[in-house]
Amino acid sequence: MKFDYDVIIVGGRVAGSATAMLLARLGYRVLIIDRSHPSKYTLSTHAIMRSGVVQLQRWGLLPRILAHNTPPIRQIVLGFGEKEISFDFREAFGVDALYAPQRHILDTELLAAATEAGAEFRVGYRLLDLIFAENGRVTGILVDVNGVKAELRARFVVGADGLRSRVAAAVNAAAYETHPAVSTYTYAYFAGVASGSYDAYFVPGAAAGFIPTNDGLTAAFAARPNNGRLINDEEYYQLVEKSSPNMLAQLKTAERQSPFYRTLGIPGFLRVPGGPGWALVGDAGFTKDPLSAHGISDAFRDAELLANAVDAVLSERQPEAEALAAYHQTRDRFALPVHKATSALAHYAWDAAEASALMRQLGRLTDEECDFLLTLPGTGIPLQPAEAVMVLP
Ligand SMILES: Cc1cc2nc3c(=O)[nH]c(=O)nc-3n(C[C@H](O)[C@H](O)[C@H](O)COP(=O)(O)OP(=O)(O)OC[C@H]3O[C@@H](n4cnc5c(N)ncnc54)[C@H](O)[C@@H]3O)c2cc1C
């Protein structure tokens, strides 16, 4: 069979672009398709955990993120009930600050890094279905481009198409550790929040926090258990006050610069992340509640695990089933405990001491993951720089 590409990646945001960049740096012919441009607003705050910063650093991308005046976050404030603790971010694993670049910056820079490494990007391409060989192997994609159907063939297809992944649906990827959307969120951007710290406050039945970001803005979120109703403006401020009167006091002197962004929440699940000719990465394979702010960082870890697995398969160093089983196993070694702790937080079935223990557990898990990431071979720095290609329909 004649293939148009080695790898087609559906979805060009944090998971898809990172995977594409790593595979293109290894010299593979990679196509990323997305139905819309990743620079468009997406409903998500953007706190990156230490493990995610480790990846940006290893991949040589941190300077590009900092070039957007992304502020370093070196102060953290955690509140559990009446108790609030403020501490300096601990320098470790080569990381001395956290960052929370807005998604249009992060996603655009990742996509640019992928195309600079030689990946091709086509926007306005909507995946309709996968193409299967008679033996059940995925051999390509069927897309809609401005109302016209087209087929593209690849040796391997990656679904980085988010929690409602069409790739996952087409291959019937089994889901496990599932729960519905249990926590409801509203956030907005404010100018004039002076503290510059990353804050997260937890009280029974509510959570709120600050995430400092570009342009002197701070994303301020409020959350509570999902009761089927969105959090309106009035309830937002009530939840902030309930979580931390100190946070409300800071918001009162700040100026809101964006609409309120609201969601009832997102479900939690893992999916079997690979099979003959296909794999899932990012939210497509592992979606968790936003309360632990792990989605982006987990996507970066899994992008590299998957790129290494696909490389092992396409270079015939390892049988496909074995490489994908190892990807599955290593992903779950890190994903499952984070999912369980996140899910416990998002179910609000804790008292202040238990919430504090869950946050400490998430911190330990992130440290273990950083240790692991620093043992991965190579740094993802380009081996075969190629011409950048960007195709618009
Ligand atoms: C309210 C909220 C707050 C959050 N806050 C944080 C946070 O602070 N920190 C953090 O780490 N995470 C956070 N997250 C989670 C984070 O947004 C996700 O984990 C992350 O976006 C997953 O990235 P992804 O690349 O896997 O998928 P996505 O970002 O969902 O990207 C999927 C891409 O696939 C494309 N696509 C989908 N279907 C098709 C199709 N059929 N054809 C072509 N293209 C397709 C889409 O257009 C999109 O560009 C938050 C989420 C929410 C909802």
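Values quoted throughout were computed directly from the atomic coordinates according to the rules given, and no laboratory measurement underlies them. Predicted, not measured: the structure shown is a model, and the values here were computed from it. Cβ: placed from backbone, ideal geometry, glycine included. Neighbour counts: every protein chain shown.
Taking a ≥ b ≥ c as the square roots of the eigenvalues of the Cα gyration tensor, region 79-177 is classed as prolate, since a/c reaches at least 1.5 and a/b is larger than b/c.
Extending 7 Å from the Cα toward the beta-carbon at both ALA326 and ARG90 defines two label points whose distance is 3.1 nm. Counting charges near THR287 (Lys, Arg +1; Asp, Glu -1) among other residues having Cβ under 11 Å from its Cβ returns a value of -1.
Counting every Cα pair in the chain, what percent are over 38 Å apart? In whole percent, the share of Cα-Cα pairs in the chain beyond 38 Å is 17.
Between ALA15, ALA293, ALA47, which gets the highest mean-square fluctuation from a Gaussian network model of the chain, Cα cutoff 10 Å? Looking only at ALA15, ALA293, ALA47, the largest GNM fluctuation is found for ALA293.
Taking 10 °C and 1.306 mPa s as conditions, region 183-263 diffuses translationally at an estimated 128 µm²/s according to Stokes-Einstein applied to its Kirkwood radius (Cα pairs).
Between ASN135 and ASP215, the FRET efficiency from the beta-carbon distance, with R0 = 56 Å, is close to 0.60.
LYS340 to LYS2: extension gain in nm, 0.36 nm per residue of separation minus the Cα-Cα distance?
Gain on extension, LYS340 to LYS2, equals 117.3 nm.
Any idea what angle helix 352-373 forms with the longest principal axis of the chain, computed on alpha-carbon atoms, 0 to 90 degrees, nearest 10? Value to nearest ten degrees: 30. Taking ASN135, ASN69, ASN226 in turn, the Gaussian network model of the chain (Cα-Cα springs below 10 Å) assigns the largest fluctuation to ASN135. To the nearest 0.05, what FRET efficiency results for LYS83 and ARG317 with a Förster distance of 45 Å applied to their C-beta separation? Calculated transfer efficiency: 0.30. Available extension along the chain between GLU177 and ALA249 is 22.0 nm, counting 0.36 nm per residue and deducting the alpha carbon span. Between VAL203, HIS347, CYS370, the Cα set farthest toward the positive side of the dipole of the chain (charges on each charged residue's Cβ, about the Cα centre) is that of HIS347.
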